[in-house]
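See below for the structure under consideration.
The values are calculated or read from the model by the stated rules, or taken from the named source; none is laboratory data. The structure displayed is predicted, hence computed values, not measured ones. Every residue, glycine as well, gets a Cβ built from its backbone with ideal geometry; the counts of neighbours run over all protein chains shown. These accessible areas exclude ligands, DNA and RNA; they are computed on the full protein's heavy atoms, side chains included. Shrake-Rupley method; radii C 1.70, N 1.55, O 1.52, S 1.80 Å.
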Amino acid sequence: MSNEGQPHRPAVVEGVLERITYANEESGYTVARVDTGRGAGELLTVVGALLGAQPGEALRMEGRWGSHPQYGRQFQVDNYTTVLPATIQGIRRYLGSGLIKGIGPVFADRITTHFGLETLDILDRDPGRLIEVPGLGPKRTKSIVAAWEEQKAIKEVMVFLQTVGVSTSIAVRIYKQYGDASISVVRTRPYRLAADVWGIGFLTADRIAQAVGIPHDSPDRVKAGLQYALSQSSDQGHCYLPEERLIADAVKLLQVDTGLVIECLAELAGDPEGVVREAVPGPEGEPVTAVYLVPFHRAELSLAGQLRRLLRTPEDRMPAFRDVAWDKALAWLAERTGATLAPEQEQAVRLALTEKVAVLTGGPGCGKSFTVRSVVELARAKRAKVVLAAPTGRAAKRLAELTGAEASTVHRLLELRPGGDAAYDRDRPLDADLVVVDEASMLDLLLANKLVKAVAPGAHLLLVGDVDQLPSVGAGEVLGDLLAPGSPVPAVRLTRIFRQAQQSGVVTNAHLINAGTPPRTDGLPDFFLFAEEETEDAARVAVEVAARRIPARFGLDPRRDVQVLAPMHRGPAGAGALNGLLQQAITPARPDVPEKRFGGRVFRVGDKVTQIRNNYEKGANGVFNGTVGVVTALDLVEQRLTVRTDEDEEVPYGFDELDELSHAYAVTIHRSQGSEYPAVVIPVTMSAWMMLQRNLLYTAVTRARKLVVLVGSRRAIAQAVRTVSAGRRFTALAHRLTGGAPV
């Protein structure tokens, strides 16, 4: 009888998962080594869909045999089930694998010695008996029981989510958000995931929706797609999108009829929590129908209204400066600081102390810092309460050193709480007569609104920043809008470069770049170019310079003092690839250094890392996107990693939270805003040609305090200097500041 036409039955392999050598968190593709019990320490390589499997687990895998030209015979897994181990040795290894929080090899040994083959039954049915085990007190017993229960529940959710192609880390997050309702939400309301669960965008939710049978032209899908398109545009810095552009973007994204998109947009505009449509002047002054996500519309209206309110209030919390004898005050200041203010600096000092809202801008070496110090000295001499803040921890530290007064991040100043609400707002303003905010080019619309709301009527607000740098990572162009023609906010722009600063190659070249002239790279002690035409060569040299040459020649610490700044994240000379190379060079794998593999990344003690989302639940007052720190501890039993941030706070991360961290040996230039480093290394190659713009290179160079090294091609540098950023962001703040009515 012929077997022709009959499907091949899958092969089945059983074994204990020993270690995962590679795992892609997005696709779930995993390469692992499995002990099939053949002895002689022989391990089998298995590859494929091993989503959620943990070392120590016994697996029953279905799939097919294959062979790899480099790695030899291997088993391709199509699907698997977990089989609880049946031997004491298997149970011991399973429990001691780090799978259950609180149980490491030591307690696994004690528990299995005490309960033998009944161990897993007891954990399931009578976990209170764990207290019988020597050394297991009530507290640890309770945490082990909770971890075991959670592990079981997550497993169930994962098995379901595996069928719809969701990665392990996202499955854990879905479970943490919805608990026992996870499967029900995923089945019936998958688009909720995009709004509720960090790390799930519309595209992942759409894939899940397709897998659970939601129709392609479902209005829920179209509305979610429209909101996703607006959310994507806010990630690119826009506060709104013109209606025609939004409709075109949504049609392209969703592959549905234009008429359906227009209908769904009208429904969203009728929903108080949907979107807001309003006629405003576009970037060229032409009228456009703007479509906003609700939080951005509220914030833009609120910020404009609050600034106008501060400017108009008759109250003044620093009345002493209305009729001060400026000659005497400035003479006293010169004696105290040992330097005389230049005329434009003097104008800025008067403005900050007499106007309720003022902006001070200017490039490096033009005396912004000394002007700020002068404002603070005079205010304190009149017993004013001065509060200093900056968007990042590093910038706040620098402001504190400059003024000799305490400074904090804007987030800490406002005491932002879970959900993003601030402890200080219009009803409970800051107790301050003068609020000074440095690096104000980094303030996005949402944070600027929270900050300005918290300034008391009659208090003075001074925003200090370099408007020629890149605008904020978040939506808006607040500093640029405050300095726009016709703005009611008084401002001073410092333009004179002081003699001392003229001797710095970093300062001189920053101004050359800003004026559209290529930087000088010959004969300077603090500004160098390593010419490399090929992108891969530029990446290799950038790593060599940052990890070896600068530390050897200038005595700088490669982790603390040197920062590699890349124009983009992707590509051979992007921040992602450079981080891998720099980690190998600066914090290589060593037998005595614990490490944790998470997706495609490995975390080790000593790693330089950065937080990549706002998390209001972490630390004393939240940990925010862009916070940098160093991994100081890694506990494989408690499944916890500890980071000491640049604000000197020890912050713990569970292993299921490691997707909030990224390595920071190299960061994109956008992410470096507000930070300053003794030395920066900047790969500038033609592979990043789409990103090469004047304000990008200018921002990178101005991050350096002492030393800049460019690595790349003169052609790429010339292109960056020549290319002025294309178009402004879609924002209507400048229009609203002038009291503009809807157009």
**Study point:** Rg [Å, one decimal], Dmax [Å, integer] - segment 276-429, C-alpha atoms
**Key:** 18.9, 57
Point to revise | segment 572-623-segment 63-79 distance, computed between alpha-carbon centres (Å) | key: 31 Å
**Study point:** Ellipsoid semi-axes in whole angstrom, largest first, where each is sqrt(5λ) of the Cα gyration tensor of segment 603-683
**Key:** 22, 14, 11
**Study point:** Between segment 397-449 and segment 468-534, the alpha-carbon center distance in angstrom
**Key:** 25 Å
Check your understanding: Residues of the chain: accessible area per residue at 1.4 Å, in Å²?
Key -> 45 Å²
Exercise for review: Report, as a whole number in µm² per second, the diffusion coefficient that Stokes-Einstein gives for segment 235-280 at 37 °C and 0.692 mPa s using the Kirkwood radius over alpha carbon pairs.
Suggested key: 287 µm²/s
Point to revise | Beta bridge orientation in the chain: antiparallel %, DSSP, nearest 5 | key: 60 percent
Practice item. Only Cα pairs under 8 Å and at least 6 apart count here; give the relative contact order of the chain as a rounded whole percent. Key: 11 percent
Exercise for review: Would you work out the charge dipole size for segment 551-669 about its Cα centre, treating the Cβ of every Lys and Arg as +1 and the Cβ of every Asp and Glu as -1, and quote it to the nearest 20 debye?
Suggested key: 580 debye
Exercise for review: Classify segment 357-483 as rounded, prolate or oblate from the Cα gyration tensor: take a ≥ b ≥ c as the square roots of its eigenvalues, call it rounded if a/c is under 1.5, otherwise prolate when a/b beats b/c and oblate if not.
Suggested key: oblate
Exercise for review: Taking 7 Å along the Cα-to-C-beta vector as the label spot, tell me the residue 401-residue 62 distance in nanometres, rounded to one decimal.
Suggested key: 6.3 nm
Point to revise | Tail beyond 20 Å, pair distance distribution of segment 554-707 (Cα, percent) | key: 49 percent
Exercise for review: Putting +1 on Lys and Arg Cβ atoms and -1 on Asp and Glu Cβ atoms, find which of 289, 305, 181 reaches farthest to the positive end of the dipole of segment 160-315.
Suggested key: 181
Exercise for review: For segment 240-355, compute Rh as the Kirkwood radius over C-alpha pairs and then the Stokes-Einstein diffusion coefficient at 25 °C and 0.890 mPa s; write the answer in µm²/s, rounded to an integer.
Suggested key: 130 µm²/s
Review point. Taking +1 at the Cβ of each Lys and Arg and -1 at the Cβ of each Asp and Glu, which of 84, 269, 712 sits farthest along the dipole of the chain towards its positive end, judged by Cα position relative to the Cα centre?
Key: 712
Check your understanding: Just in segment 526-614: which trypsin sites (Lys or Arg not before Pro) are loop by DSSP and have at most 14 other Cβ atoms within 10 Å?
Key -> 560, 570, 613
Study note, to complete from the structure: Gyration tensor on Cα atoms of the chain, a ≥ b ≥ c root eigenvalues, a/c under 1.5 rounded, else prolate if a/b beats b/c, else oblate, says prolate
Practice item. Quote the charge dipole size of the chain about the Cα centre in Debye, to the nearest 20; the model charges only the Cβ of Lys and Arg (+1) and of Asp and Glu (-1). Key: 1520 debye
Review point. By what distance, in whole Å, do the Cα atoms of segment 419-513 stretch along each of the three principal axes, largest value first?
Key: 49, 28, 27
Check your understanding: Normalised by the residues of segment 429-533, what does the relative contact order come to in percent, with Cα pairs under 8 Å and at least six apart?
Key -> 22 percent
Point to revise | DSSP bridge orientation in segment 380-522 - percent antiparallel, rounded to nearest 5 | key: 10 percent
Check your understanding: What's the extension gain from residue 331 to residue 644 if we count 0.36 nm per residue and subtract their Cα-Cα distance?
Key -> 108.3 nm
Exercise for review: Please label the shape of segment 413-469 as rounded, prolate or oblate, based on the square roots a ≥ b ≥ c of the eigenvalues of the alpha-carbon gyration tensor (a/c under 1.5 means rounded; beyond that, a/b larger than b/c means prolate, else oblate).
Suggested key: oblate
**Study point:** Charge dipole magnitude, Cβ of K and R +1, D and E -1 - segment 530-611, Cα centre, debye nearest 20
**Key:** 420 debye
Point to revise | Orientation-averaged projected area, Cα convex hull of segment 174-254 (nm²) | key: 5.4 nm²
Check your understanding: How big is segment 64-124 on each of its three principal axes, counting only the C-alpha atoms and giving the largest first in Å?
Key -> 46, 20, 19
**Study point:** Calculated SAXS-style log₁₀ I(q)/I(0) at q = 0.21, 0.24 Å⁻¹ - segment 376-447, Debye, Cα scatterers
**Key:** -0.96, -1.16
Exercise for review: Find which of 529, 259, 229 sits farthest along the positive direction of the dipole of the chain, computed with +1 on the beta-carbon of Lys and Arg, -1 on that of Asp and Glu, about the Cα centre.
Suggested key: 529
Review point. In whole Å, what three semi-axes, largest first, describe the equivalent ellipsoid of segment 261-324 built from its Cα gyration tensor (square root of 5 times each eigenvalue)?
Key: 38, 15, 6
Check your understanding: Taking the Cα atoms of segment 550-619, what is the range of coordinates along each of the three principal axes, in descending order and whole Å?
Key -> 42, 35, 27
Check your understanding: Hey, any idea what % of segment 193-306's accessible area is carbon plus sulfur with a 1.4 Å probe?
Key -> 51 percent
Check your understanding: What is the Cα convex hull volume of segment 524-645 when expressed per residue in Å³?
Key -> 143 Å³
Practice item. Using a 1.4 Å probe over the heavy atoms of the protein chains, calculate the carbon and sulfur portion of the accessible area of segment 500-629 as a whole percent. Key: 47 percent
**Study point:** Helix-derived mean residue ellipticity, 222 nm - over the chain, DSSP H n ≥ 4, -39500 (n - 2.57), to 500
**Key:** -11000 deg cm²/dmol
Practice item. Enumerate by residue number the chymotrypsin sites (Phe, Trp or Tyr not before Pro) in segment 607-712 meeting two conditions: DSSP loop (anything except H, G, I, E, B), and at most 10 other Cβ atoms within 10 Å of the site's Cβ. Key: none
Review point. How big, on average over all directions, is the shadow cast by the Cα convex hull of segment 189-236, in nm²?
Key: 3.1 nm²
